[in-house]
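Following: one structure in structure tokens, then a few remarks.
The values are calculated or read from the model by the stated rules, or taken from the named source; none is laboratory data. On a predicted model such as this, the values are computed, not experimentally measured, just so you know. Quick reminder, even Gly has a Cβ in these numbers, built from the backbone with ideal geometry, and neighbours come from all protein chains shown.
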Amino acid sequence: MKWTAWRQQRSLIVAMTTVAAIAAVLLILLGRHESELWRNYLANPCKGNVRASTKYQNVCAGRLQAVLNVGQFNRIATIFGLLVGPLFGSILGVNAVARELEAGTTRLAWTQSYSRPRWLMSKLSVNGAFLAAIFVPLCLIYDWWNKVAHYSARISPSGFPISGFLPLIYSVVAFSSVVLLGLYLRRAGWSLVTGLLLIAVVVFAVEIGIRPILVSPQFAVVSSSELTQTSSSGFYSAGGIPSNSWSRGYGYAPKGIKVTPSAQMLSVYSNKLARCWNTLRGHSPGGYEYCIRHLRVENVALYVPDSDFWNLQLSESAIYLGFALLLTAGSVVRLRRMLA
């Protein structure tokens, strides 16, 4: 049965492997080129334009422009990394179930010695193995590219979906979703469109509503805005949050606070400071310093450190995989109730 499932998906698997291989090669070439450009820009005499000598301004401006020019391709690479998992998983799911139901070829398969659950499990195992084979190396390449291209901190909202193994997880959820929808809709086109919409809603809900509560933020007092250090996302502020962190917002909190302030507390004290600024004393010279001293507050930043990356990655992956298991269980129940 698995051999049959493989032969039915063979052309798609070959096509997807080719696309993934081409993307991987291009990503490696782009990453190596960007890495060299960043190395030149961060080395002497420019040092990332931090305390660079004025006589090298033209040289440093040219090196920075070279970084920015090639960095325009980063958005394309990121969009591909976000979409490739759901697209590959959805297309395989449609071809595995909905297209067969639409064409009526399942009648022959189900009248053979194979049970319906075994037929479904063969589809899941073959396609699941292929998705793992194609996305594990692709995920590793994306992790490497994100680091050498200085695109974004891997735990930040822009870097997290293409870091770790989330592209693989997205493909599994998309495949499971489309398989279940195919068993109900029995139309390839509708199953594909509906599945893509479903995975988009699920990913958006997790990113906006669930991910922020999976880890507890820490806080740092913002004492300087001078750019002095490099990180995977370029630079960060000395005296602010650590490099490669996920910034969760800024605000004002009581001076000397020992526990991480809530977003509500930051909002309350920021509003108090705003009201102080709007007074006659606040508008006078030194008004900001006066309000800070009068209210006894300090500027703080909330952040999630890079050390929490795998914690967050595993927690979010567990949610997605749990959802995929529920979808698979729903597919088995639906298949048992269907007429041949």
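If you go through the range 277-305, how many residues are of a type in the set (S, T, Y) and either crowded, with 17+ Cβ neighbours inside 10 Å or not in a loop (DSSP other than H, G, I, E, B) (or both)?
Taking the range 277-305 as the starting set, the residues that turn out to be of a type in the set (S, T, Y) are 279, 284, 288, 290, 303.
This time we only want the ones that are either crowded, with 17+ Cβ neighbours inside 10 Å or not in a loop (DSSP other than H, G, I, E, B) (or both), so: 288, 290, 303.
So the count comes out to 3.
List, please: which pairs have Cβ atoms under 9 Å, are six or more places apart or on different chains, and start with a residue in the range 59-77 that is closer than 10 Å to E34 by Cβ and at pLDDT 85 or above and end with one that is assigned to a loop (DSSP other than H, G, I, E, B) and among the polar types (S, T, N, Q)?
Filtered contacts from the range 59-77: N74/S152.
Please verify whether P137 is over 25 Å from S243 (Cα atoms) and either assigned by TED's automatic domain parsing to the domain that holds N244 or surrounded by fewer than 17 Cβ atoms within 10 Å (Cβ to Cβ) (or both), treating the condition exactly as stated. Lay out the reasoning, then the answer.
Working: over 25 Å from S243 (Cα atoms): yes; either assigned by TED's automatic domain parsing to the domain that holds N244 or surrounded by fewer than 17 Cβ atoms within 10 Å (Cβ to Cβ) (or both): yes.
Yes, satisfied.
Which numbered condition trips up L314, out of (1) among the hydrophobic types (A, V, I, L, M, F, W, C); (2) touching a residue at least 24 places away in the same chain (Cβ under 8 Å); (3) closer than 30 Å to L198 by Cα?
(2)
With S191, S152 as the choices, which residue is within 20 Å of N311 (Cα to Cα), surrounded by 18 or more Cβ atoms within 10 Å (Cβ to Cβ) and among the polar types (S, T, N, Q)? Working first, answer last.
On the way: S191 fails: within 20 Å of N311 (Cα to Cα).
Result: S152 is the single residue among S191, S152 that is within 20 Å of N311 (Cα to Cα), surrounded by 18 or more Cβ atoms within 10 Å (Cβ to Cβ) and among the polar types (S, T, N, Q).
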